[in-house]
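Notes follow once the structure below has been shown.
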Amino acid sequence: MERAFPAAQPPVGPAASPGWLPVWILAARPRTLTAAVVPVVIGTAVAASYGAMRPLPALAALFAAICIQIGTNFANDYHDFQRGADTHERVGPPRVTQSGLVPPRTVRAAALYAFGAAFVIGIYLALVGGWPILLTGVASIAAGWAYTGGPWPFGYHGLGDLFVFVFFGLVATAGTTYVQMHAVPPSAWIAAVPVGALATAILSVNNLRDIATDARAGKRTLAVRLGASATRTEYVLLLVVSFAAPLVLATMARPWVLLPMAALPLAAIPLRLVFRARGAELNRALGATARLQLVYGLLLAAGLVL
């Protein structure tokens with residue numbers, strides 16, 4: 001039996017609409033783009049550590065990852081509104097469809113254009129990296145759409161955290177390494193684990209913030225299924241895994257890979273907010289976790305290359 005979703009609420013129009021550029025920047029959610037950039041930087045650093053870095057494929061992988069992330073953000077904006085998950089009760093940053101800033105059909109078209117751009121770039125990457133890259137790219141685009149779209153959106157069934165860990169951690173990092181080396185050494189897989197864990201930590205904060213509204217809309221995220229207390233525990237475990245990974249990596253690489261440990265103090269603020277803040281206050285934890293991922297990623301990349 002097909003699951004019924006609540007009807008979408010009418011959009012709430014703003015008193016004064018901003019210009020088109022700020023609106024589309026808002027829709028692209030630039031703060032989330034670290035989840036696309038960091039795995040490509042880490043995957044390229046792994047290739048560089050073996051003397052196999054290829055600048056053009058690395059740059060193409062970066063643009064493809066950003067296009068997939070933006071396409072996913074646009075698709076989520078559209079589908080969450082259509083399914084009634086985004087309403088006037090939303091406590092997160094404004095969504096352009098729910099706010100009435102952009103018509104739903106336009107947001108849907110923008111998502112398809114972004115995914116299309118990623119596919120075009122992916123053709124070049126497939127020519128460079130072969131059929132594994134083609135399959136990886138197609139799967140990543142399909143997953144970006146199916147996160148909140150399609151007949152069985154897995155973001156609505158508690159699988160969003162797994163999706164983020166796999167595609168924004170393992171797949172993106174290992175795929176970036178493969179397209180440059182035509183191989184994925186063990187260090188790439190180990191480096192991919194904290195990348196995916198920190199990206200998942202960002203999602204867990206987002207879902208912790210939205211537990212009440214998601215539950216009312218029938219969006220059964222992992223946070224809704226586990227509850228707030230267990231979601232906070234998940235967040236802690238993801239950080240523990242992230243900072244344990246360099247210790248494992250140091251057994252097969254130079255000690256410089258321990259550089260990400262210098263980012264540990266940056267975890268204090270989001271940790272405190274995750275356990276003390278509620279509702280819209282968790283937006284600060286979201287931004288702080290994204291900054292932690294970026295700094296951690298840059299330090300790990302530097303440690304791999306040095």
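The values are calculated or read from the model by the stated rules, or taken from the named source; none is laboratory data. Just so it is clear, the model here is predicted, and its values are computed rather than measured. Cβ: placed from backbone, ideal geometry, glycine included. Neighbour counts: every protein chain shown. Note: areas computed on protein heavy atoms with side chains; ligands, DNA, RNA excluded. Shrake-Rupley method; radii C 1.70, N 1.55, O 1.52, S 1.80 Å.
Here the Karplus relation 6.51 cos²θ - 1.76 cosθ + 1.60, evaluated at θ = phi - 60°, turns the backbone of segment 139-155 into coupling constants of 5, 5, 5, 4, 5, x, 6, 6, 4, 10, x, x, x, 9, x, 6, x Hz, with x for every Gly and Pro.
Dipole magnitude for the chain: about 380 debye, using +1 per Lys or Arg Cβ and -1 per Asp or Glu Cβ, origin at the Cα centre.
In summary, the convex hull built on the alpha carbon positions of segment 100-172 has an orientation-averaged projected area of 5.8 nm².
Averaging 1/r across all pairs of distinct Cα atoms in segment 89-242 and inverting the result yields a Kirkwood radius of 17.1 Å. Applying 1/(1 + (r/R0)^6) with r as the Cβ-Cβ distance of HIS182 and ILE269 and R0 = 35 angstrom yields a FRET efficiency of 0.30. Once backbone amide H atoms are built at 1.01 Å from N, LYS219 has no partners under 5 Å, excluding neighbours fewer than 5 places away on the same chain. Surface composition of the chain: carbon and sulfur atoms hold 71% of the protein heavy-atom accessible area at a 1.4 Å probe. Please build a GNM for the chain, connecting alpha carbons under 10 Å apart, and tell me which residue among LEU203, LEU264, LEU292 fluctuates the most. Maximum fluctuation in the GNM of the chain, among the listed residues, is at LEU264.
Over the C-alpha atoms of segment 250-306, the Rg to Rh ratio, Rh being the Kirkwood estimate, stands at 1.13. Restricting segment 252-299 to trypsin sites (Lys or Arg not before Pro) that sit in a DSSP loop and have at most 16 other Cβ atoms within 10 Å of their own Cβ leaves ARG278.
A cut-off of 5 Å between modelled amide H atoms, ignoring neighbours fewer than 5 places along the same chain, links THR87 with no other residue. For the chain, the solvent-accessible area with a 1.4 angstrom probe is 45 square angstrom per residue.
Across all directions, the average projected area of the convex hull around the alpha carbons of segment 19-118 is 7.1 nm². Based on Cα contacts under 8 Å between residues 6+ apart, the chain shows a relative contact order of 23 percent. Hydrodynamic analysis of segment 187-306 uses the Kirkwood radius over alpha carbon pairs. Inserted into Stokes-Einstein at 25 °C and 0.890 mPa s, it gives a translational diffusion coefficient of 167 µm²/s.
Comparing ILE68, ILE25, ILE211, which has the greatest mean-square fluctuation in the GNM of the chain with Cα pairs linked when under 10 Å apart? Evaluated over the chain, the most mobile residue of the options is ILE25. Working note: Karplus 6.51/-1.76/1.60 with θ = phi - 60° gives segment 236-252 the couplings 4, 4, 5, 5, 4, 4, 4, 8, 7, 4, x, 5, 5, 4, 5, 6, 10 Hz, where Gly and Pro are set to x.
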